Protein chains: 2
Amino acid sequence: MNYHTQHAPLGAFASFTLGLPGSRGGFGQSLCGPADHNVYVGHRCAKPGAAWQLLPFYRRPEKAAVAAFTGETGKVPATPPRMIDITAVTRDLGWASDTWRHNDFSFRLLSPFARTEDPAAMTDTDARHAFAPVICAEISYDNTEVDSTVELLFGLGNTEVPLRPLEDSCTDLQGFAAGRGFGFAARPSDIEEPMQSLDLFDPPALDHRGLHLLGSEAALVFRVPAGESRRFPLALGFYQAGIVTTGIEASYYYTKFFPDLEDVLRHGLAAHARYVAQSEARDAELVGAALNDDQRWLIAQATHSYLGSSQLLLHEGRPLWVVNEGEYRMINTFDLTVDHLFFELAWHPWAVRNTLDLFVRRYRYTDSIQRPGGGAPVPGGISFAHDMGVANQFTLPGTSSYECTGLHGCFSHMTMEQLLNWICCAVTYADKTGDIGWLREQQALLLDCAESLRRRDDPDPSQRTGLIKWDSHRCGPNGSEITTYDSLDVSLGQARNNLYIAVKAFATWTLLERAFATLGLRTDAEAARASAHLAAAAIAAQFEDDTGTFPAVFEAGNKSRILPAVEGLVFPLYLGFAEELRTRHPGLFAQLSRHLCNVLQPGVCLDAESGAWKISSTSTNTWFSKIALAQHVVRRLFPNALSEAANQADAVHARMQRSTPLGRFAMVDQVHSTTGTDLGSRYYPRIVTACLWMEPQACPPNQESVIRIR
Amino acid sequence: MNYHTQHAPLGAFASFTLGLPGSRGGFGQSLCGPADHNVYVGHRCAKPGAAWQLLPFYRRPEKAAVAAFTGETGKVPATPPRMIDITAVTRDLGWASDTWRHNDFSFRLLSPFARTEDPAAMTDTDARHAFAPVICAEISYDNTEVDSTVELLFGLGNTEVPLRPLEDSCTDLQGFAAGRGFGFAARPSDIEEPMQSLDLFDPPALDHRGLHLLGSEAALVFRVPAGESRRFPLALGFYQAGIVTTGIEASYYYTKFFPDLEDVLRHGLAAHARYVAQSEARDAELVGAALNDDQRWLIAQATHSYLGSSQLLLHEGRPLWVVNEGEYRMINTFDLTVDHLFFELAWHPWAVRNTLDLFVRRYRYTDSIQRPGGGAPVPGGISFAHDMGVANQFTLPGTSSYECTGLHGCFSHMTMEQLLNWICCAVTYADKTGDIGWLREQQALLLDCAESLRRRDDPDPSQRTGLIKWDSHRCGPNGSEITTYDSLDVSLGQARNNLYIAVKAFATWTLLERAFATLGLRTDAEAARASAHLAAAAIAAQFEDDTGTFPAVFEAGNKSRILPAVEGLVFPLYLGFAEELRTRHPGLFAQLSRHLCNVLQPGVCLDAESGAWKISSTSTNTWFSKIALAQHVVRRLFPNALSEAANQADAVHARMQRSTPLGRFAMVDQVHSTTGTDLGSRYYPRIVTACLWMEPQACPPNQESVIRIR
């Protein structure tokens, strides 16, 4: 259990991060990693001089603050707190809860989420509840078998500014806040004593209330009488007023319903039981899923990090949905949106539409395209920017914060991939939700997308082969397009003639075929179907009979083997027509099956040492979000490829994420497949795509899968 | 020149801190120390591959940001910048400017300030100019003698979020900002090239504009053709919208006039010439003062730190003045207000009145008093809280963030001292400004103050001795009052029977006498005069003829010797009636003169090793603000006490503040008198009291001394 978890409300781009033993965490607003607060949680026997026993979520001593005033150096406190040995603690991470137990003591943090419909159509009461920037917690002790009183403590230390007692601003809350931005509260009737000092466990001074307002350490003490079992609710809240972004000037959506932090905390306590019920419902759903414990844990941890990156803004009176890109904080990175898609369709499908609309409205562009190595540019077509900006700073229309020119690797353009992503997200959204009205509004755009897609095979229809061979002119004469797998080697880095892109494009044509059919565009549907066939044939032609695999890149004798060969099939699978495709393209599917059987072997796409899945045979940089996606497709469509070794990898993946190198940053995407060290994409939302594992086995299209998930 | 300086606009509680070689600084909003930004300032020959020569205000390399994306570790950049050896640089700190010169290159930062009247009565245009949260800078090169083009660079790195190009939000500014909070700008016509990257001097990627929006490093490049001399203005701005405080909910006053950061920067450039003229006027005034270079430097550095702690808020449509207490960030700490008084009366006298009114309205209380060691409390009288809160969090009425109960040292109550401080500030304000209308409004309060002061001698008039012997009941049965000198030993720590407090109380009675006379309260003036005589006699009786000194505390055989024996005389001196007092109390003045002659000796109140002045013979913790004040009183009233050693100490004090231990935190108040290390009160405003040294030699009351200072 060497890991932090992001305990986060939906849409506040904020996390109360906790869990890595021996380290700090606490309240983080829009950070790229854990905050640096001591979190004091524990219990003691209510006898004079009894030491607090605290969970190991702090670093002591805090004498610097005292010395700054008195010029004195530290001394050992009379009764220093005792840090509980983590081996004596059990921890259970649920889908929407995180519980620590130490003998009769327990502490849990809740990150409830629930299905929401379009916020613009919600009642204020419902929206207030759904988007409150609050985390619920509960501290409890079963003292029924004991004959002495026990005290419980929840507190915070090492905050950037001294804390302030909430009792100074309202009578119905007891707790502490740092300025106007965050704080914690309980019901005054539950509190035995508030504490605040420069040093909570050895206060150099206390005022008439027993507090010291200069203190950056504060806590609430609860009392459990002998023979009783008590459970005390806590609310942990965030608040940011006013405009928080640039480029597009927006404020937090919750500011429509909450005037300040106090009101957030008040709501957190008042609605505590409802939030608990929501959390427990989510927990039960995950427990009820046909998954092993490692899989459940991975989903739970991934969902927590997703929520921590989520951000619902208010712009010109309307909701604006953002998922920030973990430590990078890029806004709505499109190649993450396409992976968040499945979770969002289950829980807040309006968010998908909201993001797609913003990509259309502001982050669409029309480019020229060029042959590899430059040459005269010719008209390309439409595509979409890689992202919408970074760290609350929206970029200019049609541009991303990430993409640069003149490159063949990291930071180059992803024009092709984002075009595929828009189509995949749009058709999947419309198909899954049945929002055909919206699909109809996109008709012209979908046709433009199809044309853009074809031209990137070749502008001259007679030259088309079914593979993408042209790069966006935005790459410049000395650059070429890349894929989302930017930090990998060429096996996944290059967009042109790439197996991953090729299969994804094949799948995209099948989606377009369905969309055009739905829209009654029979000719276009037929054309899309023909393009799918062309793509399928082109891919099939690259199969190496001798090795029984596809090369990752259809150029330069590439010998890499990759799992994302089948990534694109997730959409047909999700929408329930993958088996229909298999029937249509038995050869390709058989080749993909053979490919998977041959690559899911130790030393190829299973790390020879650790046993972890690897997305590429030629890179030890593997991305867990994409592993999760590949696992889903393989399990559902190519189960024969699942060797015993491949099946056992969940334990490896979970162990890596639960261990110190990764666990410092909650969920990490880019991992060294052998050593399990973090290579990038820390504190990352994308792995929520693992929620696909909870999809029912056969899911017909146009039905609310969420009903069955729940 | 091993020191940081806070370059700060008036009233923004913000500093652009720069100057300590080999360290970072940059934009800090309401911080307790320097920010952590790389500041890139320098020049290069405009030839391919020529290295930038940069002032040493950064730490390299910045490869972590790149590695986070690419997973790659650092490499040496092709043409790394060369850090200019600080010994090749000259630095001149003026009263409102700071200039670095390296050969023909120069860079200066300006912190202009000017006399302001009540903001509520200012025109919007004047207020906008006076309170703009902007610092002006100027980068220049004299290329007249050279036949090749030179490029100049100003930039920032290691910001908390990637920077954003201002050209994306407006056409009339070129520069970069971090979110909505701070940024730098120049005129677009001056700019040769903007730069932004993950690594400014070895960019892994650049977009079509030659920028990379993910970069937390950005700069502006200027060009100076061969044979020309060029000077380019820069504006460095801060902005915080909305309510920024709790307890009293207030926003920044400048938000009345500036809608956003861009407008602040725009103003900074438009008004650049005017700000330059203001800065140069201040610089000339300091140069023109009859002071030595060390004294001038100390005043300049102190004024910069004062400005960095200053904060003008807007509350219910009216100005609310705050000076934050340096690293501690306490709001309007009263024992600092009384030291800021002289600078504020010269430059913004309305601020004094504003603070005094808020103390009366919200931070006044009526206490009970007790004999030392407890006993039954009896009615005391009015006094004022030590401070108004901390870090933008205002405390409840009548309470401070600092004061605690049951203590004899640091964090105890300062009831007596704050009572004296209110009277001293109020009478000095009214007398100096001639605001007799305001004084009249305080008439009842002044009478209450006098009564409270007397009762702290003894509640029974027949028992009064002229010394303060009772403590506030707020101290509790196990506590006693302290003075502002909280971290010193008992020589200055204890309020009761304390020489410093006794002389200050004596002076306070003389101020009350003047105030009551002005108000036509002849009887009360007579009574105040009698109290002054009683106090003078009580103090005189404590003189030790054998040692020729006063003990610091009139109890327990105390043998400490202190310089603040004469601190209270600063008010009569400032108001021009000190010589009148000497005539009235020749014995006491003669004793004080002997005292000073005897304590201003090595090993007593001159540090035997360093030669620095020490406020107490028994503590090596010395406070430079109080040294400055004592120096002023000694020089003007007791010049005979100035030995050669005492006179040479300015060089010692300046050297300590300019050296690394202190220089890391701009101006530091609490210093180890022997080693010159920092003991507390870093980044501190209080030393601005050194501006007293600029007072004209004889300053009659009721005249605008500022006219002569300027």
Calculate, in whole percent, how much of the Cα-Cα pair population of the protein assembly as shown lies beyond 68 Å.
-> 15
Output row for B:Lys256: copy-to-copy label distances, label 7 Å along Cα→C-beta, ascending, in nanometres, one decimal, is 3.4
Folded to 0 to 90 degrees: helix B:293-309 orientation relative to chain B principal axis, Cα = 80
Chain A: relative contact order as a whole-number percent, Cα under 8 Å and 6+ apart = 12
Size of the range A:324-709 as Cα extents on the principal axes (Å, biggest first) = 49, 47, 45
Taking the label point 7 Å from Cα along the Cα-Cβ vector, the copy-to-copy distances for A:Ala517, listed from shortest in nm with one decimal, are 10.4
Nearest-5 percent of antiparallel DSSP beta bridges in chain A?
-> 95
Assigned charges on the beta-carbon of Lys, Arg, Asp, Glu; the range B:165-208 dipole about Cα centre (debye) = 240
Using Cα pairs closer than 8 Å and at least 6 residues apart in sequence, work out the relative contact order for the range B:377-526, in percent.
-> 27
For the residues A:Glu644, A:Glu403, B:Glu513, what sequence is obtained by ranking on other C-beta atoms within 10 Å, fewest first?
-> A:Glu644, B:Glu513, A:Glu403
Grab the DSSP H runs of chain B that are 4 residues or longer, score each as -39,500 (n - 2.57), total them, divide by all residues and round the 222 nm result to the nearest 500 deg cm²/dmol.
-> -10000 deg cm²/dmol
How far is helix B:522-540 tilted, in degrees, relative to the longest principal axis of the Cα atoms in chain B, given as a value from 0 to 90 rounded to the nearest 10?
-> 90
Please average, across the residues of B:675-682, the number of beta carbons from any other chain that are within 10 Å of each residue's own beta carbon, and give a whole number.
-> 2
Among residues of chain B, the one whose beta-carbon sits nearest the axis that rotates B onto A, given with its distance in integer Å, is B:Gly242, 2
Report, in debye and to the nearest 20, how large the dipole of the range A:324-709 comes out about its Cα centre when Lys and Arg carry +1 and Asp and Glu carry -1 on their Cβ.
-> 220
Estimated distance in nm for a label pair at A:Arg101 and B:Arg655, the labels positioned 7 Å out from Cα along Cα-to-Cβ | 6.8
Towards the positive end of the charge dipole of the range A:5-285, with charges on Cβ (+1 Lys, Arg; -1 Asp, Glu), say which of A:Thr144, A:Leu206, A:Ser111 has the farthest Cα.
-> A:Leu206
Simple label model, 7 Å out from Cα along Cβ direction - B:Thr144 to A:Thr123, nm = 7.9
Could you put B:Trp438, B:Trp100 in order, starting from the residue whose Cβ has the fewest other Cβ atoms within 10 Å?
-> B:Trp438, B:Trp100
Which of rounded, prolate, oblate describes the range A:277-401, given a ≥ b ≥ c as roots of the alpha-carbon gyration tensor eigenvalues and a/c under 1.5 marking rounded, otherwise prolate only if a/b is larger than b/c?
-> prolate
The long-range amide H neighbours of A:Gly680, using H built 1.01 Å from N in the peptide plane and a cut-off of under 5 Å, are A:Gln670
If you project the alpha carbons of the range A:241-300 onto the principal axes, what extent comes out on each, in Å, largest first?
-> 44, 33, 12
At A:Gly375, label 7 Å along Cα→Cβ: distances to the other copies, nm, ascending?
-> 10.3
Listed peptides B:502-511, A:41-50, A:550-559, A:89-98 by packing density, highest first (mean Cβ within 10 Å) = B:502-511, A:89-98, A:550-559, A:41-50
Treating the angle as unsigned and between 0 and 90°, give the value, to the nearest 10°, between the Cα long axis of helix B:261-270 and the longest Cα principal axis of chain B.
-> 90
Once the mean of 1/r over all distinct C-alpha pairs in chain B is inverted, the Kirkwood radius in Å reads 26.5
Can you put B:Glu344, A:Glu285, A:Glu117, A:Glu151 in order, fewest other beta carbons within 10 Å first?
-> A:Glu117, A:Glu285, A:Glu151, B:Glu344
What is the mean number of Cβ atoms from other protein chains located within 10 Å of the Cβ atom of each residue in peptide A:398-406, rounded to a whole number?
-> 6
Points 7 angstrom from Cα along the Cβ direction at A:Glu249 and A:Glu609: gap in nanometres?
-> 5.4
Ordering of A:165-178, A:127-140 by packing [mean C-beta count within 10 Å, highest first] | A:127-140, A:165-178
Starting from the coordinates of the alpha-carbon atoms of the range B:5-285, obtain the Kirkwood hydrodynamic radius over all distinct pairs and give the value in Å to one decimal.
-> 19.3
Shape descriptors of the range A:431-568 over alpha-carbon atoms, Rg and Dmax in angstrom, are 15.9, 49
For residues of A:153-165, the mean tally of beta carbons on other chains within 10 Å | 3
DSSP bridge orientation in the protein assembly as shown - percent antiparallel, rounded to nearest 5 | 95
So how strong a dipole does the protein assembly as shown carry about its Cα centre when Lys and Arg Cβ are +1 and Asp and Glu Cβ are -1, to the nearest 20 debye?
-> 280
Take the Cα atoms of the range A:534-683, find their three principal axes, and give me the spread along each one in whole Å, biggest first.
-> 47, 36, 27
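Bear in mind that the values in this text are calculations on the coordinates, not laboratory data. Owing to the predicted nature of the structure, the values given are computational and were not obtained by experimental measurement. Virtual Cβ from ideal backbone geometry, glycine too; neighbours counted across all protein chains shown.
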